[in-house]
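Notes to accompany the following structure.
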Amino acid sequence: MAQDDKQKTLSSFFSEDPEKADRQFFGRVTHTDRRGFLKGAGLTTMGAMVGMSIPFHRNMPQGFIPAAMASEDVLVGKDGLTLLNDRPINAETPAHLLDDPITPVSRHFIRNNGIPPEEVDVANWTLTVDGLVDNPMTLSIADLKDQFEVVTMALVIECGGNGRAFFNPPAKGNQWTNGAVACSNWTGVRLKDVLEKAGVQANAIYTAHEGADAHLSGDPEKMPISRGMPIEKAMTDNVLIAFEMNGEPIHKQNGAPLRLVVPGWPGSLSHKWLKRIYLRDIVHDGPKMTGKAYRVPNRPVEPGEKVETKDFEIIERMPVKSIITFPENGAASGETVEVRGHAWSGDRSIEDLEVSIDFGATWQKAELDAPVNSGAWQNWRTNVTFPQKGYYEVWARATDSAGEMQPFAIDWNPKGYLNNTMHRVAVRVS
Ligand SMILES: Nc1nc2c(c(=O)[nH]1)N[C@H]1C(S)=C(S)[C@@H](COP(=O)(O)O)O[C@H]1N2
Ligand SMILES: [Mo]
């Protein structure tokens with residue numbers, strides 16, 4: 001093919017479907033909402049978006065998406081998140097951006113195992129509830145709103161791998177530091193109410209969840225993830241099928257238009273782009289339920305030890321944990337500062353939050369709010385006074401209603417789950 005023809009082909013590909021062309025030629029994930037805009041975007045707009053003029057603009061195919069924007073594109077509607085991976089998209093929130101009592105949509109982390117659905121038709125979206133129920137049902141979002149009580153609750157979603165980055169030897173997977181956690185206001189209906197209407201059969205012991213996201217391979221026969229939980233957990237009052245996040249439609253990366261929110265247990269149970277829940281008489285065995293996924297050894301292991309699959313057990317409740325959201329790590333500070341953050345613990349509540357500025361030698365109690373509802377994190381704050389100029393670390397540790405306290409260090413595990421060591425931030429007083 002002559003050079004001219006190649007150029008023509010490239011241009012015609014882009015003029016027909018810029019997004020598809022971009023994916024085909026450059027393998028990028030781009031954002032549909034910008035497509036119409038980009039197609040018509042003039043050179044000035046394009047230049048403004050990349051921040052400078054584009055000397056070779058004449059060679060750019062029509063509808064072309066500059067690489068400088070393509071990578072940011074996946075985080076549209078998000079603010080300050082750190083992109084850990086763009087295929088699948090995984091992004092965490094720096095701890096200091098989690099300062100709000102209720103996490104804004106723009107700061108809710110993203111953990112995807114596959115490719116989210118491109119366009120969602122909210123009006124025609126359906127959820128099927130079947131398996132071991134007396135009355136299998138297929139419900140629209142309007143049906144959910146009409147037939148069940150609609151509730152709003154502040155609920156924590158935390159990825160089972162949050163804190164993985166701090167394991168040594170390193171554990172494979174997304175290197176989450178502290179920011180794969182959020183507590184937003186979720187509006188929806190109780191899963192319990194829906195299951196009761198469907199009629200849970202006596203032999204049902206486990207749920208199974210399916211969503212509309214695609215497997216990374218593109219194979220339509222494969223699902224990226226399908227997890228489930230014991231029926232007792234599913235029947236808890238704070239497990240929701242949600243259609244709103246902080247009073248807005250759910251963000252497309254966070255599962256629009258419908259998702260499960262299962263507080264206190266690994267985030268992987270909070271199935272996004274939810275299409276089906278079915279009940280089973282065995283522990284669900286879908287993708288990411290078996291092998292070593294979302295499982296930890298059932299005994300302490302040596303760091304780096306190879307552990308056989310049979311010695312792993314499914315993670316249920318998430319451990320007691322806290323995060324310091326102010327001051328920001330590395331911040332300069334005056335002699336007195338209000339330290340604040342959040343604390344949470346699986347299905348329990350937090351009893352105590354303590355802060356140390358002397359490497360754990362002494363601790364002072366923080367003022368701790370009650371949870372606004374079960375499944376919400378608890379906000380805390382305390383004024384600390386540094387005795388003189390210099391480098392300090394602020395540490396925080398939570399203790400829950402069962403007396404479990406955050407440790408200095410935890411046992412290593414092969415997949416790097418459940419790291420609930422104390423959060424610490426550096427402070428420079430000058
Ligand atoms: N359909 C679907 N649901 C999913 C996932 C996914 O990849 N696909 N990821 C799960 C995991 S591992 C986590 S931690 C949470 C993260 O929710 P968020 O992306 O809204 O923060 O979604 C869960 N629900
Ligand atoms: Mo997760």
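The values are calculated or read from the model by the stated rules, or taken from the named source; none is laboratory data. Since the model is a prediction, treat every value here as computed from it, not as a measurement. So basically every Cβ, Gly included, is an ideal-geometry build from the backbone, and we count neighbours across all protein chains shown.
Which residues, counting only those in region 330-359, are of a type in the set (A, V, I, L, M, F, W, C) and either surrounded by 14 or more Cβ atoms within 10 Å (Cβ to Cβ) or closer than 24 Å to G267 by Cα (or both)?
Initially, region 330-359 is screened for residues of a type in the set (A, V, I, L, M, F, W, C), giving 331-332, 337, 339, 343-344, 350, 353, 355, 357, 359.
If the condition is that a residue be of a type in the set (A, V, I, L, M, F, W, C) and either surrounded by 14 or more Cβ atoms within 10 Å (Cβ to Cβ) or closer than 24 Å to G267 by Cα (or both), then A331, V337, V339, A343, W344, I350, L353, V355, I357 are the ones that fit.
Check T309, T362 and return the single one that is exposed (fewer than 15 other Cβ atoms within 10 Å of the Cβ) and either touching a Leu at 6+ places or on another chain (Cβ under 7 Å) or assigned by TED's automatic domain parsing to the domain that holds T236 (or both). Give the steps one after another, and end with the answer.
Numbers: T362 fails: either touching a Leu at 6+ places or on another chain (Cβ under 7 Å) or assigned by TED's automatic domain parsing to the domain that holds T236 (or both).
Residue meeting the stated conditions: T309.
Of all residues in region 76-117, count the ones that are in contact with a Ser or Thr (Cβ under 8 Å, 6 or more places away or on another chain), within 21 Å of L269 (Cα to Cα) and of a type in the set (G, A, S).
Residues in region 76-117 being in contact with a Ser or Thr (Cβ under 8 Å, 6 or more places away or on another chain), within 21 Å of L269 (Cα to Cα) and of a type in the set (G, A, S): 1 in total.
Being among the small types (G, A, S), buried (at least 21 other Cβ atoms within 10 Å of the Cβ) and in a loop (DSSP other than H, G, I, E, B) narrows it down to one of G188, G179, so name that one. Walk me through it before giving the result.
Values: G188 fails: in a loop (DSSP other than H, G, I, E, B).
Just one listed residue meets the conditions, G179.
Please list, ordered by residue number, the strands (runs of 3 or more DSSP E) wholly in region 328-386 having 1 or more residues that are in contact with a His (Cβ under 9 Å, 6 or more places away or on another chain) and among the small types (G, A, S).
Numbers: elements: 331-333, 336-345, 350-356, 378-385.
So the answer is 331-333, 336-345.
I'm trying to understand the selection: among the residues of region 248-274, which are in a loop (DSSP other than H, G, I, E, B) and either in contact with a strand residue (DSSP E or B) (Cβ under 6 Å, 6 or more places away or on another chain) or away from ligand 2 (no atom under 13 Å from the Cβ) (or both)? Before the answer, list the steps.
Going residue by residue through region 248-274, those that are in a loop (DSSP other than H, G, I, E, B) are 250-251, 255-258, 262-266, 270-273.
I250, H251, A256, P257, L258, P263, G264, S270, H271, K272, W273 - these are the residues of region 248-274 that are in a loop (DSSP other than H, G, I, E, B) and either in contact with a strand residue (DSSP E or B) (Cβ under 6 Å, 6 or more places away or on another chain) or away from ligand 2 (no atom under 13 Å from the Cβ) (or both).
Taking the stated definitions as given, is L279 surrounded by 21 or more Cβ atoms within 10 Å (Cβ to Cβ) and away from ligand 2 (no atom under 16 Å from the Cβ)? Working first, answer last.
Values: surrounded by 21 or more Cβ atoms within 10 Å (Cβ to Cβ): yes; away from ligand 2 (no atom under 16 Å from the Cβ): yes.
So L279 fits the description; yes.
When region 106-123 is examined, which residues are found to be touching a residue at least 12 places away in the same chain (Cβ under 8 Å) and more than 10 Å from ligand 1 (Cβ to nearest atom)? If you could, list the steps in order and put the result at the bottom.
Filtering region 106-123 down to residues touching a residue at least 12 places away in the same chain (Cβ under 8 Å) leaves 106-120, 122-123.
S106, R107, E118, E119, V120, V122, A123 - these are the residues of region 106-123 that are touching a residue at least 12 places away in the same chain (Cβ under 8 Å) and more than 10 Å from ligand 1 (Cβ to nearest atom).
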